[in-house]
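The values are calculated or read from the model by the stated rules, or taken from the named source; none is laboratory data. Every value quoted in this text rests on a predicted model; they were computed, and no experiment measured them. Because the Cβ atoms are built from the backbone with ideal geometry, glycine has one as well, and the counts that use them run over all protein chains shown.
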Amino acid sequence: MTEPHARHVAVIDVGKTNAKLALVDGRTLREIAVVTRPNRVLPGPPWPSFDLEGHWAFFLDHLSAFQAEYGIDAIAVTTHGASAVLLDREGGLAVPMLDYEHDGPDSLAAAYDAIRPPFTQTGSPRLPLGLNLGAQLFWQFESDPGLRDRVAHVVTYPQFWGFRLTGQLATDVTSLGCHTDLWDPHRGAFSPLVERLDLTRKIAPARRADAVLGTISADIAARTGMSPQVPVTCGIHDSNASLYPHILSQRAPFSVVSTGTWVIAMAVGGDAPVLDPARDTLVNVNALGQPVPSARFMGGREYEVIRDGCDAIPTPADRAEVLAGLALLPSVVNDSGPFQTRRHAWTRQPTTDGARMLALSWYLALMTDTCLSLAGARGPVIVEGPFARNADFTAMLAALRPEVRIAASATGTSVGAAMLAGLDAPPPRTMPVTCADPAPMRAYAARWAQHVKDLECD
């Protein structure tokens, strides 16, 4: 094995819940230092927005600390999707960055629907709130008549941090391919919506996630102690960061389940299904620019809602109660996912916290299995992120799928983003998941599916 291009890669990793800076060892693909802060939303005006300046100060402070203790050879960036930053002619914010969970864009939904391209062209389902980036931009421009003139550049979210570090402008194909309505994944080009929003000359050029955006500016070098020759990669959407190491190391067909606030099932080399936008299926775009059939639901948010701070460990009695018919039915978050508009329900109320937690874990696994089927998944399933540490979740998934593996890293996003720096490192380690007694769990899954089908008939 040759020596890696970069020994230590600092990764700016902004999820919907937390902002994180990690330092990844390029030889082992292990995170050797991690710091986090909440990704809090500021109330506005003019609308709920993210604390970009707070994140920036946090990143600079810890880049300085990482450089002093370990040295930094490259920087990579990964962020949540459905987000862009609007810059003025001086490179400052033309307006605060909108939180995609704000309901403002819904007020102009009909007018936006009249100009958005069809799902068959973009692979982007129509979603509520600001989950379609095009809907955000349309609503922002209509709500603030002077904004269009103030905006000189539009960059997708990972590239905002790249711009702050290098001064170079870009968008990336994975962020554009994340249900924005702005990208045609089949042609690998901007969709007609860019012209309809009058952004043709304002949206930054689309680049592959593994391209080198530039080197850090002299100001950043002086502030952090890093060499001015430290390269910054273009950046990547976080779910695609989880997928990237496996794109490089796995033979298709396989699928990756990226877990966090969102659970996203991405099928590589699968059955090429006819995707149904009403069930929150979509076409993602991977780091190589290739379309990837996907399906998703807001699993991390659902987990937090139902557990309500509980950390109970199921007992054998709890397991018996759940197997006897206790089940959580979709959907806890019902404005996205495969069972939209449905309100969640219990087949009967759990009698203990342990039973509630087990039924919740199995619900999340069954929702994930549904998403894998909708995306046409075949072959091994690799689970990335926090759900990989939930043994009840992975056991149920293993009972339903021929091969399930979990990523050895606590999170795939930082490692995947670090690999954009051209690391010549071993493939990421995964561990097989086994289910000791799958028959009762398969029977439980069949009953759950029948409950769901019965609800569809009501």
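Of all the numbered requirements in (1) assigned to a loop (DSSP other than H, G, I, E, B); (2) under 20 Å from I264 (Cβ atoms); (3) out of contact with any Leu (no Cβ under 8 Å at 6 or more places or on another chain), A209 misses one, and that requirement is (3). Take the conditions touching a Gly at 6+ places or on another chain (Cβ under 8 Å) and farther than 30 Å from T36 by Cα and apply them to R116. Does it pass? Yes, satisfied. Looking across segment 264-290 at every residue that is aliphatic (A, V, I, L, M) and within 14 Å of the chain's Cα centre (by Cα), the one that is surrounded by the fewest Cβ atoms within 10 Å (Cβ to Cβ) is identified as V283.
Only one of the listed residues (V322, V305, V333) is at pLDDT 95 or above, more than 24 Å from W183 (Cα to Cα), within 20 Å of the chain's Cα centre (by Cα) and hydrophobic (A, V, I, L, M, F, W, C). That residue is V305.
Every residue, every condition in (1) more than 21 Å from the chain's Cα centre (by Cα); (2) part of a loop (DSSP other than H, G, I, E, B); (3) of a type in the set (A, V, I, L, M), yes or no:
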residue: L129; (1), (2), (3): no, yes, yes
residue: D149; (1), (2), (3): yes, no, no
residue: D181; (1), (2), (3): no, yes, no
residue: T200; (1), (2), (3): yes, yes, no
residue: D219; (1), (2), (3): yes, no, no
residue: A222; (1), (2), (3): yes, no, yes
residue: M226; (1), (2), (3): yes, yes, yes
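For segment 53-98, enumerate the residues that are within 30 Å of R296 (Cβ to Cβ), touching a residue at least 60 places away in the same chain (Cβ under 8 Å) and surrounded by fewer than 18 Cβ atoms within 10 Å (Cβ to Cβ). Within segment 53-98, just W56 meets the criteria.
For segment 413-429, the set of residues classified as under 20 Å from V257 (Cα atoms), crowded, with 21+ Cβ neighbours inside 10 Å and either over 20 Å from the mean Cα position of the chain (by Cα) or at pLDDT below 85 (or both) consists of P428 only.
Residues that are surrounded by 24 or more Cβ atoms within 10 Å (Cβ to Cβ) and part of a helix (DSSP H, G or I) within segment 164-179 comprise L165, V173, T174, S175, L176, listed in sequence order. Of the residues making up segment 30-50, just one is loosely packed, with under 13 Cβ neighbours inside 10 Å and part of a strand (DSSP E or B), namely P38. When Y112 is tested against the conditions (1) buried (at least 16 other Cβ atoms within 10 Å of the Cβ); (2) closer than 15 Å to Q136 by Cβ; (3) at pLDDT 95 or above; (4) touching a Leu at 6+ places or on another chain (Cβ under 9 Å), the lone failure is (4).
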